[in-house]
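J.: This is the structure I have questions about; it appears just below.
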Amino acid sequence: MRRACVIGDPISHSRSPLVHGFWLAELGLDGFYGREHVTGDRLADFINGLGDHGYRGCNVTLPHKEAAFRLVEEATELSRGLEAVNTIWLAEDGRLHGDNTDVHGFIANLDQQAPGWRIATRTALVLGAGGSARAIVMALTICGIERIIIANRSPERAAALAADQPCPIDAIGLDQLAEVLPQVDLLVNTTSLGMMGQPRHTFHLDRLKPSALVTDIVYVPLETELLREARLRGHATVGGLGMLLHQAVPGFEHWFGRRPLVTSALYRHVAADIAASLA
């Protein structure tokens, strides 16, 4: 039996076992995917001993993505650019390989839910300047978006992230949002604002152009206050659950040897679990 897992601290909230368990059953594969609570002081021993634990690989979630990058022996160009990995697998020669599939997940989610978004987007606004924002900025750069703006509560953090990119990117504070919203074709929230148990956003969308697409990487709840407000204003919206599902595809293929599909049945399966947890 091929075995894989997701590691993090905490980890009990992870929906990854639901996703991979669905695919294992759908494809009729003899495999197992579980959770492992791994604290920072155990991370190196766990990753270096993946094979000894019986695992072919693992997903890595907060707060270990950057530390895990430094532990793999072979990293993809994408993960080297982000200096973070979320997917690890043992190659046939026993070497640890790492990749960051968040970029793939973000792009594939928008491609599936909002076809044509690349052509329609000249200016993209990214809210936040953390690790997730770094991945989203890279995704937008790969897709050839002409202008990218990073807005963060701390303008200095936004400027630091912008300065670390290979192409010119604008950096602003949240107090400048009203000035740029009329120019924005795609608004992406990469912060925890709107996540269950976290504060909601405090800015207004009234200056956002009607044709703008709004997306959020948060998926609990499935529709954040930002997405709800945008939808009620008539904007097209894309939730964060699809990004979670799509970023899981490459890892499953590495560990279990088949490339799964992100289908409406999988979406309903995971969405139902999220809705039940919030009831």
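The values are calculated or read from the model by the stated rules, or taken from the named source; none is laboratory data. Since this is a predicted model, take the numbers as computed values, not measurements. In this analysis, Cβ positions are derived from the backbone assuming ideal geometry, glycine residues included, and neighbour counts consider all displayed protein chains. Calculation scope for accessible area: heavy atoms of the full protein, side chains included, ligands and nucleic acids excluded. Shrake-Rupley method; radii C 1.70, N 1.55, O 1.52, S 1.80 Å.
J.: Answer with yes or no whether Glu77 is loosely packed, with under 15 Cβ neighbours inside 10 Å, free of Cβ contacts under 8 Å to residues at least 40 places away in the same chain, more than 15 Å from the chain's Cα centre (by Cα) and closer than 25 Å to Val188 by Cα.
T.: When the stated conditions are applied, Glu77 passes them.
Conditions tested, residue by residue: (1) hydrophobic (A, V, I, L, M, F, W, C); (2) open to solvent by less than 40 Å² (accessible area, probe 1.4 Å); (3) assigned to a strand (DSSP E or B).
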| site | (1), (2), (3) |
| --- | --- |
| His13 | no, no, no |
| Gly21 | no, yes, no |
| Glu26 | no, no, no |
| Arg35 | no, no, yes |
| Asp41 | no, no, no |
| Ile47 | yes, yes, no |
| His53 | no, no, no |
| Ala68 | yes, yes, no |
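J.: Given the options Leu241, Leu232, Leu222, name the one that is open to solvent by less than 40 Å² (accessible area, probe 1.4 Å) and either of a type in the set (Gly, Ala, Ser) or without any contact (Cβ under 8 Å) to a residue 60 or more places away in the chain (or both).
T.: So the residue among Leu241, Leu232, Leu222 that is open to solvent by less than 40 Å² (accessible area, probe 1.4 Å) and either of a type in the set (Gly, Ala, Ser) or without any contact (Cβ under 8 Å) to a residue 60 or more places away in the chain (or both) is Leu241.
Yes/no matrix, rows are residues, columns are (1) among the hydrophobic types (A, V, I, L, M, F, W, C); (2) open to solvent by less than 20 Å² (accessible area, probe 1.4 Å):
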position: Leu140; (1), (2): yes, yes
position: Ile149; (1), (2): yes, yes
position: Asp164; (1), (2): no, no
position: Pro168; (1), (2): no, no
position: Leu174; (1), (2): yes, no
position: Glu179; (1), (2): no, no
position: Asp185; (1), (2): no, no
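J.: Looking at (1) hydroxyl-bearing (Ser, Thr, Tyr); (2) surrounded by 14 or more Cβ atoms within 10 Å (Cβ to Cβ); (3) modelled with pLDDT under 95, find the lone condition where Thr202 falls short.
T.: Unmet condition: (2).
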